[in-house]
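Everything on this sheet refers to the single structure shown next.
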Amino acid sequence: MRHAIRAAALAFLALAASGCWDQQLLKDERNISIGGIDTASKGLIRATVSIRDILVSESGSKDTSEVHSVVARSTDHARELLDDEVSGQYSSAKMRVLVLGEEMVRSRDIMPYLDVYYRDPRSPLNARVAIAQGKAEDIIRLKMVGPKTIGLHIDNLLKSMELQSQVPSVTIQTLHPLDRGFDFSLPYLKLTDGMPKVEGIALFNGVHMTGKLNLDRSKIYLLLAGEKNKNLRITLKIQNDDKDEGYDYTTIDVLKARRKLKIHVDKEGRPRVALNVRLRVSVIEDPSNHLYKKEVLHKLEKTLSERLTNEADSVVATMQEARHDGFGIARRIMSFYPNLWRKLDWKEVYPSIPFDVGVTLDVINTGIIR
Amino acid sequence: MIKNKERITPGQLMILIVQTQIGVGVLFLPSTVEAKAYNDAWIAVILGGGASAALLLAIWALGRRFPGMVFFDFLPLLMGKPLGKIVHTIYAVMFIAECGVILAQFGDVVRDWIFSSTPSWMILGLMLAVSVYMAVENLRFITRFFVLTFILIFVLILIALYAYREAEWLYALPIGNAGFLNILKGSALSMNSFYGFEILLFAFPFVQGSSRSVLKAGMYANLFSTVVYAFLVFTCVLVFTPLELRLIPQPILYMVKALSFTVFERADLYFLAIWTVVVLTTVMAYLYMAAKSVSSLFGKSRHAGTVPVVAAMIWILAIYPHDQDMIDWMQRIVSALTTLTLVVLPTLLLVISYIRKIERKEQVQKG
Amino acid sequence: MGFIKRMLTNNRKESKSPPGITRRAPAHGRRATGDIAANVEYVHDALFHTDDLQERSFEQADRPALLVYLSSVCDLAKIHEAILKPLLNSEDKDPERIIPAADMRRLTDLESGIELLLRGYTLLFRHEREEFYAIETAVIVQRSVDEPSNEKAVQGAHNGFIESLHVNLQLVRRQIGSRNLVVRRYSLGNMTKTEASLVYLNDLADPEIVEDIDQRLRAIDADNLMNGYLVLEYIEDRSFSPFPQILQTERPDRVAANLLEGRVALLMEGTSAALLMPSSFFVFYQSPDDYNSRSLAGSFIRLLRLFSFLITITLPAYYIAVVSFHYEVIPMELFYQIKGSVERIPYPPILEALFMELTIELLREASIRLPTPVSQSIGIVGGLVIGDAVVRVGLVSYPMIIVVALTAIASFVVPSHEMSYSVRLLRFPVMIAASMFGFIGIAFCLTAIFVHLCKLKSFGTPYFAPVAPFRILDWKDALVRLPYWKLNERPNDPRPQKLVQERRSKEGGRHDQE
């Protein structure tokens, strides 16, 4: 009996050793570092990718980028076609950025094309997402920016913009909008003089892009959303004198931002949003004022506060026009006023919800001089 | 009758119960319960833990009346020999079936997440081979290994904690949204993950200490499992909405997948490797229980010879289903079996024991 | 079926020695007679007239007497000084009053006399006396008590055992002055008749374990038990386990320390290592260095060693699994670098790894036998030149070299030679499992190893204590090294009779007041 068991075990092991079914040898893979989806005719899509290779030789290592572009029916079909074109095994497991063409997100529903990312266990769910003005293909076809490949460049660009609180931190994972109760926004890239630059952020309503904010206003937007990252600097015009224009601007560095968002519902079931942000800032640049005088400091605080509140109002107006619920008002109503939520037609109600926005700030320090 | 060689301490008993309970449920529980109880799933899990505590209590009370005897020793005393044999067989079948279902679920996860082409009979076969290696030993050695791997549960929790960086606390509100009935339905579903306390049926006579300490160990074990499961479910509630969870059968893994640390990415692969060991402990325990049931059915006192045979049976059972429907069907059958053997029968037996005053005369035993 | 059997066994013949040549000692001995010639004839016969059996006849107190000795094992000077000289110069009839030898025995059984003869004793026969004497005159050739070369300690005693049982026992007794230190003698091996001694502290070692060892020793029925390692394999619990269950050490301080924890030591003539039993896994990771340095340093080093165990087993397997199955876990910055290095290698990583590992094993094995002047240069050649050349050609990649080198270094951190081999052997199954099933394979293989560790027993005590069974109090000397005044109790695993080893001492040399 024991011999039978031993024989069976050996046979089992021999079978086991005979094949490694799921082996994916690293050396055989071709990994893309950036991918882009654009619209193509007849309901198809154009997928463009850049494959990054590092050649390790005696003199050091060299980065190269290989660009491919295909027209396909769906994202996975594109993968198939790309695999046909590429030597080795095509793999998107290490993709850093996914770029979507503007036309794609304005006119079509992007979700079906993202489905494979959610289904395939090897997909890069922590890849960043960005919108490109015009075609994503044009950006990717740049191949290299300086010594870096395009994928690496865009990824680093977006990363540093995130740290400066100029664009929100979004990955494919956080893009899944199903009944979350807020709309997402994405960084907006534009090709200027052959260099990709972040122009601002794109506002979304559901799966469609419906508006834009430039960089200055996106900073305010992120402040209001409570998503200030490590650094945030704002340069504002605070006065309009006859003197040289250089004296008109002030730059502040926001150290801490505390946001309070509250929803009040009046007796007729109409919601009203009270949004207040309290900032603690330090003044980086202020050529005009002599801040050693307390009144001057307070005046500066007031002026800045007014300016920022105005900016905030216009940001909120743009959002409402674009029907972009970036602050998660819907989620709050769902959580705190579930009965009200059931009765509301959100699409109609959101653009007309009154917002009370206020930005106040305290200047903490002013650098090594006053 | 109870050799000194097989004794375990109450602390070891606690870990034994915990490791048997915590297994495949780590990945499947949140989705299953949230399907019924929405964002109150964590409350459902806590209630489920309470119910399993009650069942544990019933088993303990039974075991206390028969000191020094394993469940299958006193079963014929309570039900008479022929009926006792039938019930005994039902238990053996239950253990084998439960183990088979656990393995089938494990195989599914491995197939979906890592090895899409590797045949599952291979993976499950290896799983059983390693489990056989451990299960041929007596309880003392098995418990030692369980204690060794206990720390892995904390590693899993640690990894899951990182999800709180992106947790949306508002998802948990409003509390009570799902309605009491749905929460109860969710609790019933969660019971499956709490099953494992029946190891007490086998381990009770081997514990060094008074029956009070056994009860304490059992209760702490159940409490620990409840807290762990509730925590995991709560985390999933905060990270995913109920609609999403309908699509994601293993939400914890999904959540871990997107986490990115400086030193490694795709933490879900590490999570899976560690979870494999957690499932292994559950499989070892069930294999032991099944082998013990079968061997005592044939009157043998040593289960080592039965283990490979039982393992082969479980293996065949686990590789048999090849689509989701069959797995669901198997789960329903197993669910019925477990309800019978772990909910109905212990209470029934306890009642019989009290009414007919059947118990073993207390023998003074030095612990 | 029978044909296959015949095919596999036809080379083995039953060995039969020609009749008349073998001769076994009669079970009940042989009584000496007053006839010297007959006695001597018997002795010559028993030793097959071996040429190194010498005689010296003389007259003492007007009676004929005869000395018989094996010239190869006797120190002739001792015979002159201790036996001949006093006997020839004295008229006393009682040799016991004349011979100034400490080890002198009066015997009547020729067979026991022959046993002693073979050990270097001289037999004194006297005319018309049925008793004869055996006097110890063995020649002592031994080397100096130097520190063993493979068990060096930075601080601590620098002496070591040598091949003489007598000296070794002396070294042990010098370390422990307790009257409870007991020595039991054995004569092992039917042909070799090696002297062995079991040493233990009577009030500390578990008597069951001592008896168990005693039984195992007596149960060996073998011809050759010449050195400790042979005995070890006979008495250990599981010879097929990759892990050693008996600790071998050449250091007296290590033996003494272990005796004080309740273990038992087996010393043998001709072996410079002592065998310590029962041993647990963590005993192999203790070194005298830990005990001779500061508590924090000792703890750190010990944790480092235990960590090296994990590294040796899992690092190559982890690398293989990552590069073959799960390359997504490599962080972004490192990813393309590693990919670039691995791309040029034509075959799968498991073959790369096996190739490099085997090369390192060959280098290691070769370096043991190299004469010292050459070994340095071979080390450089092997390490640097071959390593670099192999990468340039494209047989192996740089990351693999790093992995293999780290693993090799980690595997030598273990203080015990045996355990080092075990650990190095274990990494191969894990690597193969990793190459077949990635991380899951590693999980399975490690589970199997740890299950084995949990099951393994050394003379009835659990091998993997204090981790399994979990005794956190014993961690104070297994995983870390707390200061001595904190180590109030002995570790549990050798099952000592008394647990308390020190009383109420505090830091700073103070003692707890009543």
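The values are calculated or read from the model by the stated rules, or taken from the named source; none is laboratory data. Owing to the predicted nature of the structure, the values given are computational and were not obtained by experimental measurement. Please note: Cβ atoms are built from the backbone with ideal geometry, for glycine as well, and neighbour counts cover all protein chains shown.
Miscellaneous remarks
- Considering the range B:12-41, and only residues there that are within 14 Å of another protein chain (Cβ to nearest Cβ) and modelled with pLDDT under 90, the residue that is surrounded by the most Cβ atoms within 10 Å (Cβ to Cβ) turns out to be B:GLU34.
- Of the residues making up the range C:361-378, one or more are surrounded by fewer than 16 Cβ atoms within 10 Å (Cβ to Cβ) and touching a Leu at 6+ places or on another chain (Cβ under 8 Å).
- In the set C:SER272, C:SER279, C:SER293, only one residue is outside any helix (DSSP H, G or I) and either more than 30 Å from the chain's Cα centre (by Cα) or more than 30 Å from C:ASP212 (Cα to Cα) (or both); that residue is C:SER293.
- Every condition in (1) over 30 Å from C:ALA321 (Cβ atoms); (2) at pLDDT below 85; (3) among the aromatic types (Phe, Trp, Tyr) is met by B:PHE234 except one, and the failing one is (2).
- Any hit, the range A:305-325, residues being within 14 Å of another protein chain (Cβ to nearest Cβ) and either among the aromatic types (Phe, Trp, Tyr) or closer than 30 Å to B:ALA178 by Cα (or both): yes
- Checking each residue in the range A:275-311 for being part of a helix (DSSP H, G or I) and hydroxyl-bearing (Ser, Thr, Tyr) picks out A:THR303, A:SER305, A:THR309.
- Taken as a whole, the condition of being touching a residue at least 12 places away in the same chain (Cβ under 8 Å), under 28 Å from A:GLN89 (Cα atoms) and touching a Phe, Trp or Tyr at 6+ places or on another chain (Cβ under 9 Å) does not apply to C:PHE335.
- Of the residues in the range A:240-253, not one is within 28 Å of A:TYR350 (Cβ to Cβ) and surrounded by 13 or more Cβ atoms within 10 Å (Cβ to Cβ).
- Any hit, the range A:262-283, residues being hydrophobic (A, V, I, L, M, F, W, C) and closer than 21 Å to A:ILE369 by Cβ: yes
- Residue that is of a type in the set (A, V, I, L, M, F, W, C), closer than 17 Å to B:ASP108 by Cα and either buried (at least 21 other Cβ atoms within 10 Å of the Cβ) or away from chain A (no Cβ under 11 Å) (or both), where the choices are B:VAL283, B:VAL294: B:VAL283
- Only listed residue being among the β-branched types (Val, Ile, Thr) and closer than 20 Å to C:VAL423 by Cβ, chosen from C:VAL322, C:VAL342, C:VAL283: C:VAL283
- Within the range C:330-365, the set of residues being within 10 Å of chain A (Cβ to nearest Cβ) and β-branched (Val, Ile, Thr) comprises C:ILE330, C:ILE338, C:VAL342, C:ILE345, C:ILE350.
- Number of the condition not met by C:ASP212 [criteria: (1) in contact (Cβ under 8 Å) with a residue 60 or more places away in the chain; (2) part of a loop (DSSP other than H, G, I, E, B)]: (2)
Conditions (1) surrounded by fewer than 17 Cβ atoms within 10 Å (Cβ to Cβ); (2) touching a strand residue (DSSP E or B) at 6+ places or on another chain (Cβ under 7 Å); (3) touching a residue at least 40 places away in the same chain (Cβ under 8 Å); (4) not hydroxyl-bearing (Ser, Thr, Tyr), marked per residue:
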position	(1), (2), (3), (4)
A:ILE263	no, yes, yes, yes
A:ARG280	yes, yes, yes, yes
A:HIS298	yes, no, no, yes
A:GLU321	yes, yes, yes, yes
A:HIS324	no, yes, yes, yes
A:ARG332	no, yes, yes, yes
A:LEU340	yes, yes, yes, yes
A:TYR350	no, no, no, no
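- From the options C:HIS166, C:HIS158, residue that is surrounded by fewer than 16 Cβ atoms within 10 Å (Cβ to Cβ) and not in a loop (DSSP other than H, G, I, E, B): C:HIS166
- Residues (surrounded by fewer than 19 Cβ atoms within 10 Å (Cβ to Cβ) and away from chain C (no Cβ under 14 Å)) located in the range A:40-56: A:ALA40, A:SER41, A:LYS42, A:GLY43, A:LEU44
- The single condition among (1) surrounded by 15 or more Cβ atoms within 10 Å (Cβ to Cβ); (2) out of contact with any Pro (no Cβ under 6 Å at 6 or more places or on another chain); (3) closer than 30 Å to A:THR149 by Cβ that C:VAL403 does not satisfy is (2).
- Any hit, the range B:233-249, residues being in a loop (DSSP other than H, G, I, E, B), within 14 Å of chain A (Cβ to nearest Cβ) and in contact with a Ser or Thr (Cβ under 7 Å, 6 or more places away or on another chain): yes
- Within the range B:87-136, the set of residues being of a type in the set (Ser, Thr, Tyr) and either assigned to a loop (DSSP other than H, G, I, E, B) or at pLDDT 90 or above (or both) comprises B:THR89, B:TYR91, B:SER116, B:SER117, B:THR118, B:SER131, B:TYR133.
- Flag for B:LEU139 being touching a helix residue (DSSP H, G or I) at 6+ places or on another chain (Cβ under 6 Å), at pLDDT 90 or above and away from chain C (no Cβ under 11 Å): no
- The helices (runs of 4 or more DSSP H) found wholly in the range C:384-482 and carrying at least 3 residues that are more than 25 Å from the chain's Cα centre (by Cα), within 14 Å of chain B (Cβ to nearest Cβ) and over 25 Å from C:PHE355 (Cβ atoms) occupy C:417-455.
- When A:LYS143, A:LYS148 are checked against the criterion of being at pLDDT below 90 and within 14 Å of another protein chain (Cβ to nearest Cβ), a single residue qualifies: A:LYS148.
- Among the residues making up the range C:204-217, those that are more than 18 Å from C:ALA274 (Cα to Cα) and either loosely packed, with under 14 Cβ neighbours inside 10 Å or within 17 Å of the chain's Cα centre (by Cα) (or both) are C:PRO207, C:GLU208, C:GLU211, C:GLN215.
- Against the conditions (1) more than 14 Å from chain A (Cβ to nearest Cβ); (2) surrounded by fewer than 20 Cβ atoms within 10 Å (Cβ to Cβ), B:TYR229 satisfies every one except (2).
- Test: residue in the range C:432-450 that is modelled with pLDDT of 85 or more, touching a strand residue (DSSP E or B) at 6+ places or on another chain (Cβ under 9 Å) and surrounded by 23 or more Cβ atoms within 10 Å (Cβ to Cβ): no
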